[in-house]
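Please treat every number below as a calculation from the coordinates, not as lab data. As the structure is a prediction and not an experimental result, all values here were calculated from the model. Heads up, the Cβs are rebuilt from the backbone with ideal geometry, glycines too, and the neighbour counts pull from every protein chain shown.
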Amino acid sequence: MGLRRLLLGLCLLTIFSVGAQRGLAVWVAQTELPVLTPEVSVVVEDRDGRLLRAFTVAEGRWRLPVDLSDVSRNYLEQLIAFEDKRFYQHSGVDGWAALRAIGQAVANGGIVSGGSTLTMQVARLLEDSGTGSWRGKLRQMRLAWALEQQLGKDEILLLYLHLAPFGGNLEGVRAAALSYFRKEPIRLTDAEAALLVALPQSPERRRPDRHHAKARTARDRVLERGRSAGVLDPETVAAAQRETVPAQKYPFDFLAPHLAERIIAQSPTAQRHRLTLDGNVQKQAERLLRARVRGQHRALSGAVLVMDHHTGAVIASVGSPDYLDTMRQGYVDMTRALRSPGSTLKPLIYGLAFEQGAAHPETVIEDRPVRFGSYAPQNFDKQFHGQLRVRKALQMSLNIPAVSLLDAVGPGVLMARMRRAGAAPVLPNARPPGLAVGLGGVGLRLLDLVAVYGAIARGGAPVALKWQAADTSGPAERPPVLGPVAAWYVGDILRGVPAPPSAPQGEIAYKTGTSYGHRDVWAIGFDGRHTIGVWLGRADGAAMPGELGVGLAAPLLFDVFAALKPAAEPLSPPPPAALTGTTETLPQSLQYFRPRGQIGLQTGPEITFPPDGARLALGGEQVFVAKVDRGVPPFTWLANGVPVAVAHFERQVVLDAPGAGFLALSVIDATGVSQAVRVTLD
């Protein structure tokens with residue numbers, strides 16, 4: 001009889017248990033779930049995932065997107081050990097923890113430790129419900145069971161990593177790690193991880209920037225729990241407890257604001273934007289630009305663009321010294337503003353002349369008054385330098401040789417090659433291009449010039465600038481900007497431009513430029529890997545009298561190169577077809593370039609010393625100096641009809657005196673034109 005009653009009781013208990021479980025399952029299944037994808041901050045990150053710029057969510061809260069792989073293992077282990085050690089075993093509610101909480105409540109006449117699991121905490125955070133009543137606790141349990149039915153454990157944990165409060169307007173572990181420690185959560189130390197485990201329990205009363213002692217006590221309690229749970233060994237705990245607790249919150253980085261806003265405008269629904277920028281280089285470039293304009297005119301603005309010309313990836317993009325500076329109109333992105341390029345197009349002009357066979361770096365060219373119709377270009381210094389080699393003319397940035405070469409190759413070709421590089425030149429009033437284009441009479445952006453110089457650095461092959469890390473497209477599908485030999489000639493010449501004082505010489509090929517009226521100053525350069533462009537000026541286009549690219553922009557260019565890496569990467573070696581000899585070894589057609597618009601009646605050689613009729617006292621040297629101007633080198637000198645110096649390229653020569661008396665001195669240039677003078681030697 002007793003056995004029968006026992007069996008009947010067990011059957012009834014089983015039926016009741018099954019019914020209760022089914023009722024509980026129905027009750028949980030009918031739970032109305034909140035939104036399970038909380039709003040997160042829109043973030044812009046660099047190529048390695050480091051934060052460049054973030055935007056707050058509702059009510060000004062920072063809640064940054066994060067993945068489990070973004071968080072250090074020591075934080076996750078301490079979190080589970082301290083908050084919910086059976087997280088991966090229970091179904092949302094930990095029965096043992098609940099019994100403990102009930103016992104404490106009965107003994108103390110109220111709730112002492114809620115016995116909440118991480119899932120229950122997520123339920124509370126999702127609905128922003130309190131924990132001080134049985135009704136609220138019951139709702140959390142129901143929602144926790146429902147969450148466990150809908151989500152996996154990692155998904156629930158990820159919700160906690162986004163929603164946990166850390167004091168003030170900080171929510172989520174990534175926002176907290178960046179604000180308190182200025183580092184991503186993947187790099188947390190054991191002590192830092194312990195503090196972030198402790199804060200959500202009482203985020204305002206344990207804020208380290210306000211309640212330093214309470215924060216330390218709470219952190220150490222978490223560390224001890226980690227030791228007792230076997231997550232941390234005693235030595236690690238002792239070392240972690242000696243670490244200081246942060247005493248302040250740090251502001252979030254505000255880097256590349258112009259580019260960040262442009263990228264977000266292009267993809268307004270995306271939450272996470274990964275760029276090609278290097279956060280460290282971006283920060284350094286912004287710092288260097290601010291330092292450069294400090295102490296200058298209050299309205300002076302500037303921009304810096306750094307590109308890896310092997311891939312086209314933009315490494316840094318600085319649109320102004322200070323985005324929030326209204327005096328400088330800092331909100332204007334000057335990397336994309338149309339400005340006059342000044343002399344910065346001259347290297348491309350020379351490259352085209354090299355490509356077309358009109359000149360070579362060692363070709364002799366005239367820097368004399370020229371006129372092309374009504375256009376008579378002048379050099380910046382208002383001086384004329386006579387005959388000099390093309391290499392020197394470009395390094396000195398002389399205007400007249402550049403315009404003479406542009407007249408030979410054609411301004412339309414220059415415009416077409418800029419477009420091949422990816423630039424978008426704009427002519428005033430949409431007029432056809434004229435020779436003034438070569439000296440800055442065209443609108444270009446900093447990013448256009450970086451694209452042009454990047455192509456030269458690549459041996460003439462164009463490269464498309466990229467800002468999105470996901471952009472894996474190959475080289476630009478456009479014809480070459482220059483041939484490889486011509487591009488190498490240009491780079492070889494520009495590496496010989498004197499660098500600013502204390503900067504390394506001969507490692508960076510660069511060119512400066514100053515536009516008409518000193519409105520824009522430029523410095524654009526490249527080494528074997530990177531192309532960097534610098535612009536300085538006023539955003540409103542006003543003049544800056546006295547400011548030159550060589551003195552204001554060039555030092556900044558070299559500073560950015562120095563911040564980018566310890567040493568410049570070597571420039572490319574000469575292509576096999578490059579001619580690297582002297583003027584004398586060039587083909588006759590390349591030894592001298594004569595502009596079509598040269599002014600002056602005298603086009604042949606002119607002996608400037610000794611003058612005709614002069615009397616020279618030889619003394620004991622029995623030699624004298626002769627000088628020639630104009631004419632086409634090389635020169636042949638004759639004394640009384642006898643050659644005394646043959647194929648001489650210099651314009652000054654020391655000649656042996658044939659003896660005292662009258663001397664007929666003649667010079668013949670490469671075109672066969674001659675001049676003679678008669679002098680007396682004593």
* Inter-centroid distance (Cα atoms) of region 174-211 relative to region 608-682, Å -> 86
* Rounded to the nearest 10 degrees, what's the angle between the helix 73-83 long axis and the longest principal axis of the chain, both from Cα atoms, 0 to 90? => 20
* **C-alpha long axis of helix 118-127 to longest principal axis of the chain, angle in °** => 80
* **Residues of type aspartates and glutamates that K627 reaches as a straight line, Cα spacing below 15 Å, ignoring anything fewer than 8 places off in the same chain** => E606, D612, E650, D656, D669
* Angle between the Cα long axis of helix 446-457 and the longest principal axis of the chain, 0 to 90 degrees, nearest 10? -> 70
* Excluding P575 itself, calculate the net charge of residues whose Cβ lies under 15 Å from the Cβ of P575, where each Lys or Arg counts +1 and each Asp or Glu counts -1. => -1
* If you average 1/r over every pair of different alpha-carbon atoms in region 186-341 and take one over that average, what Kirkwood value in Å do you get? -> 19.3
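For L33 and Q271, what is the calculated FRET efficiency with R₀ set at 22 Å and r taken between the beta-carbons, to the nearest 0.05?
Computed FRET efficiency for L33 and Q271 comes out at 0.55.
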* **Length gained when the stretch H297-R242 is fully extended (0.36 nm per residue, less Cα-Cα span)** => 14.9 nm
* Structure fact -> CD proxy, 222 nm, the chain: helix-only mean residue ellipticity via -39,500 (n - 2.57) per DSSP H run with n ≥ 4, per residue, nearest 500, stands at -11000 deg cm²/dmol
* **Which of V677, Y250, P200, positive extreme of dipole for the chain (C-beta unit charges)** => P200
* Asked: Remind me, relative contact order of region 32-242 in percent, using alpha carbon pairs under 8 angstrom and six or more residues apart?
  -> 22
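Let me check against my output: what whole-number percent is the relative contact order of region 393-535, with C-alpha pairs under 8 Å and at least 6 apart?
20
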* **Alpha-carbon centroid distance for the pair region 49-67 / region 236-257, whole angstrom** => 18
* Structure fact -> Ordering 241-253, 44-56 by per-residue average of other C-beta atoms within 10 angstrom, highest first, gives 44-56, 241-253
* Among A509, M418, L590 the positive-end extreme of the charge dipole of the chain (Cβ point charges) -> M418
* Taking the Cα centre of the chain as the origin, how large is its charge dipole in debye, to the nearest 20, when only Lys and Arg (+1) and Asp and Glu (-1) carry charge on their Cβ atoms? -> 2060
* Return the tail of the calculated pair distribution for region 32-242, meaning the percent of Cα-Cα pairs more than 31 Å apart. => 18
* Asked: Can you run phi through the Karplus equation (6.51, -1.76, 1.60; θ = phi - 60°) for region 374-388 and list ³J(HN,Hα) in whole Hz, with x for Gly and Pro?
  -> 8, 9, 10, x, 10, 6, 4, 8, 6, 10, 10, 10, x, 8, 7
* Going down the table (K283/K382; K283/K392; K153/K283; K183/K214; K382/K466; K283/K511), which pairs top 32 Å between alpha carbons? -> K283/K382; K283/K392; K153/K283; K382/K466
* Asked: Ranked highest first by average number of other Cβ atoms within 10 Å, how do 563-576, 612-625 line up?
  -> 563-576, 612-625
* Summed side-chain charge close to R294 - residues other than R294 whose Cβ falls under 11 Å, Lys, Arg +1, Asp, Glu -1 -> +3
* To do: Within region 293-350, list the trypsin sites (Lys or Arg not before Pro) lying in a DSSP loop whose Cβ has at most 12 other Cβ atoms in a 10 Å radius.
  => R294, R298
* Asked: Taking the alpha-carbon centroid of each part, what is the distance from region 486-558 to region 421-456 in angstrom?
  -> 16
* Which percent, nearest 5, of DSSP beta bridges in region 274-600 are antiparallel? -> 90
* Under 20 Å Cα-Cα from K137, which lysines qualify once same-chain neighbours fewer than 8 residues away are excluded? -> K85
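At a 10 angstrom cut-off on C-beta neighbours, averaged per residue, how do the peptides 75-88, 202-215 rank from highest to lowest?
Top of the packing list down: 75-88, 202-215.
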* **Globularity ratio of region 274-600, using Cα Rg and 2.2 N^0.38 Å** => 0.95
* What percent do you get for the relative contact order of the chain when only Cα pairs under 8 Å and 6+ apart count? -> 10
* Asked: Going by the alpha-carbon gyration tensor, a ≥ b ≥ c the square roots of its eigenvalues, is region 606-681 rounded (a/c under 1.5) or, if a/c is not under 1.5, prolate (a/b greater than b/c) versus oblate?
  -> prolate
